[in-house]
């Protein structure tokens, strides 16, 4: 909690912890914290009790109250508690009764974030449908997308992407601050694409790329590779090879237009680099990709997707193009199927992005 004794009075440890939490973080008035029935009902998923309590104005006025409650949790709202426990019916009821979906707890975590962390897809979907920010809170260093990518919850990641979650990361302290006053990317560890590869979550890795994640740095902000931690990967492809990921990861990065020249190793071999050994098949795929020019179809697909931008990729199905080409642009169909519908027409139409919707 407090750092370096910066607060006056007794420290937060010991028998006075609950009182200290109340003093620092609870909503006022403090005496109301003694009545935790609303929060307790949310914790155990007691929907009838929630219905009964919220018939009273005194409880309706406290629906967004952060309280230290009997189970010893940090101060948080009934919605945050219900989302953590995965009681979807209670989450839905609290929202309909006026609970604010994006209130944060003392750690800067939203109800959506804790629902994702605890693997509760239903609660996450209810919160997203109610307008919860799919990116969580700027006051918390992690995001729902990052956590879902790390643990391999592709189903939750799909829901987050469907509701507009950012699949990259932005390291500006504020949106209006420009370099050199902004914080720069100094490690790929914070990137969802990197973490999905580090934990070998191939399905999440592919979903992020399909949703427009940057295949090189997975970052919106400025990148200073010279400032990267010594010995750390210099780009996502470098990370994929270092972590011993299978060839499918390399193939996906190649398909999605990764810059293969960013990998600085002069000689790539199966010897150990870091904690894992390079996968020989993945290494072979990488070497072949770097030695052979990419096809015109592949270049066109990457160019069209970049022209659209990641926030408009979901509009591809509405484009006046043949279905095989639309599926090709979405990486739902291979190039052979597109060539079958006329290679010349595919290249011409896919490259003519002047009519792409704004």
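Since every read-out is calculated from the coordinates, none of them should be taken as a lab result. These numbers come from a predicted model, not from an experiment. Quick reminder, even Gly has a Cβ in these numbers, built from the backbone with ideal geometry, and neighbours come from all protein chains shown.
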Problem - Residues residue 277 and residue 107, FRET efficiency given R0 of 51 Å [Cβ-Cβ distance, rounded to 0.05] - result: 0.85
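In terms of the Cα gyration tensor, with a ≥ b ≥ c the square roots of its eigenvalues, is the stretch 88-158 rounded because a/c is under 1.5, prolate because a/b exceeds b/c, or oblate?
Oblate is the answer for the stretch 88-158, as a/c is 1.5 or above yet b/c matches or exceeds a/b.
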Practice task
Please give the contour-minus-distance gain from residue 155 to residue 330: 0.36 nm per residue of separation, less the Cα-Cα distance, rounded to one decimal in nm.
Solution key: 61.2 nm
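Given the Cα atoms of the stretch 39-154, and with Rh set as the inverse mean 1/r over their pairs in the Kirkwood sense, what is Rg to Rh to two decimals?
Taking Rg over the Kirkwood Rh, I get 0.95.
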Exercise for the section: Give me the distance in nm between label points sitting 7 Å out from Cα along the Cα-to-Cβ direction at residue 203 and residue 318, one decimal. Expected result: 2.9 nm
Handout entry: Ranked packing of 76-86, 283-293, 129-139, most packed first, by mean Cβ within 10 Å
Key = 76-86, 129-139, 283-293
